[in-house]
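Input: a single structure, listed below in C-alpha cells.
The values are calculated or read from the model by the stated rules, or taken from the named source; none is laboratory data. Note that the coordinates shown come from a computational prediction; the quantities given were computed from them, not determined experimentally. Glycine also receives a Cβ, built like all others from the backbone with ideal geometry; neighbour counts cover every protein chain displayed. Please note that ligands, DNA and RNA were not included when accessible areas were found on the heavy atoms of the full protein model with its side chains. Shrake-Rupley method; radii C 1.70, N 1.55, O 1.52, S 1.80 Å.
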Amino acid sequence: MKSLLLNTFGWRKKIPEEIRTPTLIALSHYPELKGVKIEFRFAENKSKSVMSARPSFRTVFSILEERSYVIYVRRRFVIEGKLLRIEELPQNILVGWIGHELGHIMDYKDRSVLSLLGFGLGYLILGKYIRAAERRADEFAVRHGLRSEILETKNFILNNTHLPERYKNKIKRLYLSPEEIMEIVNTDEEEIPKKLASV
C-alpha cells in the first residue's frame with residue numbers, strides 16, 4: 001500500500017521516512033496537490049508550532065505551476081512528561097495534523113504574488129487574519145474527507161492534560177470547533193442531493 005501511495009501521491013514531494021505513511025495518506029485526500037512541489041522538513045525543537053506550512057520564498061515570484069511549499073514539522077516534544085518523537089503519535093492524529101497543513105497549501109496555491117505577500121503580512125501582524133486562515137485550512141481538510149482525523153487531532157490536543165493550557169486556548173480560539181466541523185459536513189451532505197437533482 002505504501003509503495004502505491006508513494007507512486008500516486010509522492011510525485012514532487014520530499015517526505016522524511018519517519019512520517020511518510022501518514023503524509024501520503026493525507027496527500028491522497030488532496031488530488032489537486034498531486035503536481036505541487038512540497039517539502040516536509042523537520043524543524044528545530046525550539047519551534048513553537050508542531051507544524052507550519054508556507055510557500056518557499058525563492059519561488060513566490062515564479063509562475064503558479066513552479067511554486068514550491070515547505071511544511072515544517074517539529075521533530076520532538078513533551079507529552080505527559082515524556083519526550084516523544086513525532087512518529088510516535090497515533091497515525092490518525094498525524095494524518096489530521098498534516099491534512100490541516102495541506103489545507104493551508106490549498107489556500108496558497110492559486111493566489112497571485114500580491115495576494116500571497118498580503119496574506120503573509122496579514123498573518124504576521126493581525127490576530128483576526130490568523131484565525132480566518134486557520135479556519136480556512138480546517139475547512140479545506142474537512143471538505144476533503146478528513147473530518148474524523150481533524151476531530152481526533154483536536155480531541156487529542158484539548159483532552160491532553162499535559163499540554164500547556166496556553167496552547168489549548170490557542171486551538172480553541174483560532175480553529176474550527178467540533179460543532180462547526182459537523183455543521184460543514186451536514187451542510188455538504190444536504191447539498192449533494194441538490195447538485196445531483198440539477199444534473
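When only residues in the stretch 134-172 that are of a type in the set (Ser, Thr, Tyr) and in a helix (DSSP H, G or I) count, which is farthest from Asp110 (Cα to Cα)?
Tyr167
Name, by its number, the condition in (1) at pLDDT 95 or above; (2) touching a Gly at 6+ places or on another chain (Cβ under 8 Å) that does not hold for Ser68.
If we test Ser68 against (1) at pLDDT 95 or above; (2) touching a Gly at 6+ places or on another chain (Cβ under 8 Å), just (2) comes out false.
Looking at (1) open to solvent by less than 40 Å² (accessible area, probe 1.4 Å); (2) at pLDDT 95 or above, which is the one condition that is false for Leu89?
Every condition holds for Leu89 apart from (2).
Within the stretch 131-173, which residues are open to solvent by 40 Å² or more (accessible area, probe 1.4 Å), among the hydrophobic types (A, V, I, L, M, F, W, C) and under 17 Å from Val50 (Cβ atoms)?
Taking the stretch 131-173 and keeping what is open to solvent by 40 Å² or more (accessible area, probe 1.4 Å), we get 131-132, 135-136, 139-140, 143, 145, 147-148, 152, 155-156, 158-159, 161-162, 164-167, 169-170, 172-173.
Okay, now just the ones that are also among the hydrophobic types (A, V, I, L, M, F, W, C), so 132, 140, 156, 158.
Hits for the stretch 131-173 are Phe156, Leu158.
Would a scan of the stretch 51-61 turn up a residue that is under 22 Å from Lys154 (Cα atoms), open to solvent by 30 Å² or more (accessible area, probe 1.4 Å) and in contact with a strand residue (DSSP E or B) (Cβ under 8 Å, 6 or more places away or on another chain)?
Scanning the stretch 51-61, I find at least one residue that is under 22 Å from Lys154 (Cα atoms), open to solvent by 30 Å² or more (accessible area, probe 1.4 Å) and in contact with a strand residue (DSSP E or B) (Cβ under 8 Å, 6 or more places away or on another chain), so the answer is yes.
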